[in-house]
Amino acid sequence: MRPSSKISTIAVAALAMATSRDVCADEPETPIDVTVRGSPAPAFVSRASEGARSREPIDAASMLAELPSVHVRRLGADGAQSTLSIRGSASSQVGVMLGGIPLTSGADPTFDVGSLPLWPGASFRVYRGFAPASLGTTGYLGGLLVIDPPSALSGARSDAQLVAGSFGTLKARAGDARTVGPVKLGFGVFGSRSDGDFPYDVPNPRTGDLVTRTRTNAEAVRAGAIGRVALERAWGSVGATFLADARHVGLPGSATFTTTFPSLDTSRLVAGVDTTIRVFGSAAVRAQVWGRSERSRFADPLGEIDPTRSSNLAEQSILAAGSSVGLRGVRAGPVNVAFSIDGRAERLLPTDGTSVLGGVDASRFAGGAGVEVEARVRSALRLFASGRIDARRDSVTGVIASKMPDSGVAMDVVPSGHVGASYRLGDAATISAHVGLLRRFPSFAELYGDRGSLVGDPRLRIERALAADLGVQGDVRVGRVRLGYEVAGFVTDSRDLILFLPLGRGTFRAGNVGAALLAGVEGSASLAAKNLVTTLSYTFLFTDNRSDDPLARGRPLPGRPIHDFSYDATYRVGPIGFRYGIDAIAGTTVDTAASIVVPPRLFHGAGISLNVPRFSSLRVGLEVQNLFDVRVMRVPSPLSQNLVAVPVSDFLGFPLPGRSIWATLRFRAP
């Protein structure tokens, strides 16, 4: 049986387990609100909450990877650089927002999911495909990741966590949320360090025997804080949100070409102030101003990552500021309307050191206006539309002439938006459909970035796509048993899709693919009752490169797995909880010609936790990832009929760790 067929079989079997009547759980999960607060336009959305999952919260990337159509690709162990893909999109095509503040625009932290913050009580929402215009541009081809800032809306609590794990990993997190009079406070702090020195196996090129090596130059250190303060009054509210963090990671190179000195240092400071004023009864006006500062320093003193740029030192800084105003909740009979307008200014400060692009000084002025309309034709039928007009003006100097387009100034005005409908058959089923046009401007990181393994290209064109999806979701309860499910199909016909393609032995450069088709099916299910809960998510993805390149046309897009599956089962006996899980991926290609395929992988995981008797606020846990220590997969050699051993990886040549063990200690006080 082929590996992809095996994964399909596992998915079907696990779905049957998830829908068995014998399953039970502690508490039913909190229903997911499928609308943005104040937005009349619904969307397919998933939520990942740090405190409401069976697996121990190792990092934010692992939480997101469990969601349907969300794929995380890692360059190594915990703390290593990672990328995020939704419905086959590139990480740069996924917008990221924190409390209404855009974190993706000129600089794009979705290139590195390892930079996402995680603190006690952290919550993330993923809008798959279409995002409401009130959250900013609807032109993100992959959807939107929303980080909810710490909040006391769910009640007062204090939480502290300590995580110790394999490869010299230690994490500490703390959070507090409470209400003091009319003021709501929420704060979180986090810090971590890891050596990342895991063993991996590679075949001896002469004998074919496996040789064990140790990953070097893979350390990761991080610290940060996040918070929100809000004054709630009868007329509305005034609030402030901030995020500050710094990170250092080594860049270990591939398994074949290891490194000793390359590193990447990044820092980020984000702050915003907002106010909401209630007007016209149910309507409200929300205004916000924000600022963001990001800095990165890539050092490769011996040219180990790319020998063609010896003694490379690249420092880049981005300053950004913006504002937005929106009116929501305007009703006229069965029609609900929301308006928004926003603008921002960004600057990529001159590069210090020797970069592959030269000393880049770039600036961008961008803005847009959006409208959302919902009409309730019947009690069960909703029609809606969301649209925006966005504009940008880029200017750049200091780029090497041979790498620049005809002019150093770029101006564009593009529309985007979608229409849709939903019909509610009852709690058991709601059918929804969307279709629309998507646009996205290339980010500074894609155009002029130089972050070691990821290099930009100033000649990139605007991405555009026609997309549609159709799905059904529901919630069925029988006694104490609850089944929640969602199944959706999607298709995206894109033009000038931006991908990071292999360049040399350890570098990926941004480039446009002339045209591409992405289509698939995503599904998730959860079943809960008294003592046991099972959850699963599965995505089937078909991609077709439709560029003019004869070697790439008709081939799948690189870096997109055909099958992506996640399953968990948790059973509680008194204060003790047991967990078992499966993660499987297959069908990922490396290059545009699809001549190299990443070996499929199947990881098992298990865990146990204990709510300490007499200390109800204290919980200890033990988590084992990659339970059977899978390090290599044997695949057919393109040069012979024999099977060859290849290290398990997301990016071919960048091995993933074998078995890892995590011990957790958590204190939570109401």
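Taken together, the values in this text are just the output of simple stated rules run on the coordinates, not laboratory data. Please read these numbers as outputs of a predicted model, since none were measured by experiment. All Cβ positions, glycine included, derive from the backbone under ideal geometry; neighbour counts span all protein chains shown.
Taken along the Cα-to-beta-carbon direction at a fixed 7 Å, the label points for F578 and E232 span 4.2 nm. For the stretch 595-670, the spread of Cα positions along the three principal axes, ordered from largest to smallest, is 63, 19, 12 Å. Cβ crowding within 10 Å, taken as a proxy for footprinting-reagent exposure, orders V335, V163 from fewest neighbours to most as V335, V163. Extending 7 Å from Cα along the Cβ direction at A240 and again at F261 yields two label points whose distance is 4.3 nm. Hey, got a sec? Which trypsin sites (Lys or Arg not before Pro) in the stretch 554-624 land in a DSSP loop and have at most 14 other Cβ atoms within 10 Å? Those satisfying the criteria are R614.
At 37 °C and 0.692 mPa s, what whole-number value in µm²/s does Stokes-Einstein give for the translational diffusion of the stretch 144-286, with Rh from the Kirkwood sum over Cα pairs?
D, rounded to a whole number, is 174 µm²/s.
How much length would be gained if the chain were fully extended between T212 and I661, taking 0.36 nm per residue of separation minus their Cα-Cα distance, in nm to one decimal?
159.7 nm
Between the alpha-carbon centres of the stretch 56-85 and the stretch 167-201 there is a gap of 16 Å.
Please work out the FRET efficiency for the pair R331 and S154, using the Cβ-Cβ distance as r and a Förster radius of 45 Å; give the result to the nearest 0.05.
Given R0 = 45 Å and the Cβ-Cβ separation, E is 0.95.
Let me know the shape class of the stretch 528-670, please: from the alpha-carbon gyration tensor, a ≥ b ≥ c as square roots of the eigenvalues, rounded when a/c is under 1.5, otherwise prolate if a/b is greater than b/c, or oblate. Here the stretch 528-670 falls in the prolate category. Exposure proxy shown here: for M411, M97, the number of other Cβ atoms within 10 Å sets the order, fewest to most, as M411, M97. P(r) tail for the stretch 74-216: Cα pairs beyond 25 Å make up 47% of the total.
Here the stretch 174-294 is treated with +1 on each Lys and Arg Cβ and -1 on each Asp and Glu Cβ, and its dipole about the Cα centre works out to around 520 debye. Between A345 and A287, the simple label model (points 7 Å from Cα in the Cβ direction) yields a spacing of 1.8 nm. Ranked by the mean number of other Cβ atoms within 10 Å per residue, highest first, peptides 368-381, 523-536 order as 523-536, 368-381. Fewest-first ordering of F565, F628 by other beta carbons within 10 Å of each residue's beta carbon gives F628, F565.
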